[in-house]
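The values are calculated or read from the model by the stated rules, or taken from the named source; none is laboratory data. The shown structure was predicted, so the numbers you read here are calculated from the model rather than taken from an experiment. Please note: Cβ atoms are built from the backbone with ideal geometry, for glycine as well, and neighbour counts cover all protein chains shown. To get the accessible areas, we keep the full protein, side chains included, count just its heavy atoms, and leave off ligands, DNA and RNA. Shrake-Rupley method; radii C 1.70, N 1.55, O 1.52, S 1.80 Å.
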Amino acid sequence: MAYDWKKQDRDLYLPKGEPVLVDVPPLRYFKVSGQGAPEDAAYQDAVAMLYAVSYTLKMWTKKNPPPPGWYDFAVFPLETAWQCPDGFEARSGFIFDAMIRQPDFLTPELEDEVVAAAHTKKPDLPWRRLESLEQAEGRCVQMLHLGPYAEEDRSFAVMDRFCLHRNLLRRGNGHKEIYLNDPRTAPENLKTVLRYWVKSAAEAKPVRKMIRGRHG
């Protein structure tokens, strides 16, 4: 039976339309970082490379012996961490980390072979930008946003109120989007998981140190 993230990892990828707390463990990814709006070539190339390596690994045993620990799996969804240092209107200044999670049997040796095979199929992409990493996001707030990307603010407002009532503060200025359907889907039918990283307000309070002086 194939490993299916829609079944085995529902808590990470299929939240309901209301905020929830989730602890994201260390996971393995292929990642491409860059700058630009979603419609720009830098981001589109990143997405193309990520899908190329992910599907090359998915289909690996069609032409190669199964590597140690191999199991069939459903390709994980595209996710992107976004930062907008100059505001949401300055789209060309967006900073992104686009990524797709990979199964845990992926070793550095197999990774090199998979990337080389994908490179051969799509030689014109900027493969030097592709990297792999293991990342633990830790404690996060997330919810499912239904509708156009341009209306995500209303879901972020709900998430912010959720955090306020639970004394949670955001870690960093960015957020992550996990895309559950094709971006060419009608805007009103889009499903996007919105996630950002949090800590308790108590963790952010400065620690007062006792200053001991000499008396007498």
>> Tell me the carbon and sulfur percent of the accessible area for the chain, rounded to whole percent, probe radius 1.4 Å.
In response: 52 percent
> For the chain, which longest stretch is free of loop sites, where a loop site is one of the trypsin sites (Lys or Arg not before Pro) that DSSP puts outside H, G, I, E and B and that has at most 16 other Cβ atoms within 10 Å?
Replying inline: 64-165
> Where in the range 14-99 are there GluC sites (Glu not before Pro) that are in a DSSP coil and have at most 12 other Cβ atoms within 10 angstrom of their Cβ?
Replying inline: Glu39, Glu89
> Got a sec? Charge dipole of the chain, +1 on Cβ for Lys and Arg, -1 for Asp and Glu; which of Phe30, Gln83, Pro68 is way out at the positive end?
Replying inline: Gln83
> Can you pick out the pairs among Lys16/Lys176; Lys7/Lys63; Lys31/Lys191 whose Cα atoms lie more than 26 Å from each other?
Replying inline: Lys7/Lys63
>> Keeping all protein chains in place and using 1.4 angstrom, which order do Val75, Val114 fall into by accessible surface area, from largest down?
In response: Val75, Val114
> Hey, what's the chain come to in accessible area per residue, 1.4 Å probe, Å²?
Replying inline: 59 Å²
>> Suppose every Lys and Arg Cβ carries +1 and every Asp and Glu Cβ carries -1, with no other charges. What dipole size does the chain come out with about its Cα centre, to the nearest 20 debye?
In response: 1040 debye
>> With a 1.4 Å probe and all protein chains kept in place, how do Ser33, Ser155 rank by accessible area, largest first?
In response: Ser33, Ser155
>> About the Cα centre, and with charges only on the beta carbon of Lys, Arg (+1) and Asp, Glu (-1), how big is the dipole of the range 13-124? Nearest 20 debye, please.
In response: 420 debye
>> How large is log10 of I(q)/I(0) for the chain at q = 0.09, 0.11, 0.13 Å⁻¹ when the intensity is taken from the Debye formula with one equal scatterer per alpha-carbon?
In response: -0.42, -0.60, -0.81
